[in-house]
Amino acid sequence: MAKSSLKERLNLEELYNTYLGMAPRERLIALLGLGLVLLLMIFVPVTCASSKLSKKQKNILSHEKNMDELISKLSEYQSSLGRMKSAEALWAGRAKVSLSTTLESLSAQSGLDKNIDSIKEQPPSVGEKDILEEHVAAVRVSRAPLGQALDYLYKIESFPQASLKIKKLQMKPRFDNRQLFDLSFEVSTYFLKEGGGT
């Protein structure tokens, strides 16, 4: 036996006649039940659609935030890249001077060439990924008058051809003559590593 259609099973005329045959109270209950069913039929799909829309909106906001962060990071990277290229151009233009020769020449200008005990250059220090290599020289000076010692240190720090920095400075007055000083310090400078600008 073939299944009867929904329309045949739900005979509207019979349902209506049954409804009319109900007591007023039963009719009210039936109407409320029908209204509730219709309300659920409308409310449930709208709620589901609203929930899906809310999730999609959150996803869109999250993607927009990620895009903003990505754009910010790219901007920072481009700014850093620009500063790095400027630094490379600056260091590439500097002459690669000999530390020991420069320090000897400056000591002579300050009248301390006879007071230099030693100037020892250390092997350059450079990391595998660094574009600059550090050159350091250890200097020892003895029996230097205070004025000439300060003049020598000033000439080192203000040397125009390269950026020279004094580190680990020790300056002690001598026991035999408190007007004279023994100095020991390191002088550091940086040069662009060979192939560092590529």
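Across region 98-115, computed HN-Hα scalar couplings (Karplus, 6.51 cos²θ - 1.76 cosθ + 1.60, θ = phi - 60°) run 7, 4, 5, 5, 4, 5, 5, 5, 5, 5, 5, 5, 8, x, 10, 4, 7, 9 Hz from first to last residue, x flagging Gly and Pro.
GluC sites (Glu not before Pro), restricted to region 101-180: which are DSSP loop and have at most 11 other Cβ atoms within 10 Å? Hits after loop and neighbour filter: Glu128. Rg/Rh for region 99-192 stands at 1.02; both radii use Cα atoms, and Rh follows the Kirkwood definition.
Step by step: find N for region 148-187, compute 2.2 N^0.38 Å, then divide the Cα radius of gyration by it. What's the final number? Numbers along the way, then the final one.
Details: Rg = 11.8 Å, N = 40, 2.2 N^0.38 = 8.9 Å.
For region 148-187, the normalised Cα radius of gyration comes out at 1.32.
Placing a label point 7 Å from the Cα of Ser100 along the Cα-to-Cβ line, the residues of region 139-181 whose backbone N sits under 17 Å from it are 139-141.
Any read-out appearing in this document is the output of simple, stated calculations on the displayed coordinates, not a laboratory observation. If you're wondering where the values come from, they're calculated on a predicted model, not measured in any experiment. Virtual Cβ from ideal backbone geometry, glycine too; neighbours counted across all protein chains shown.
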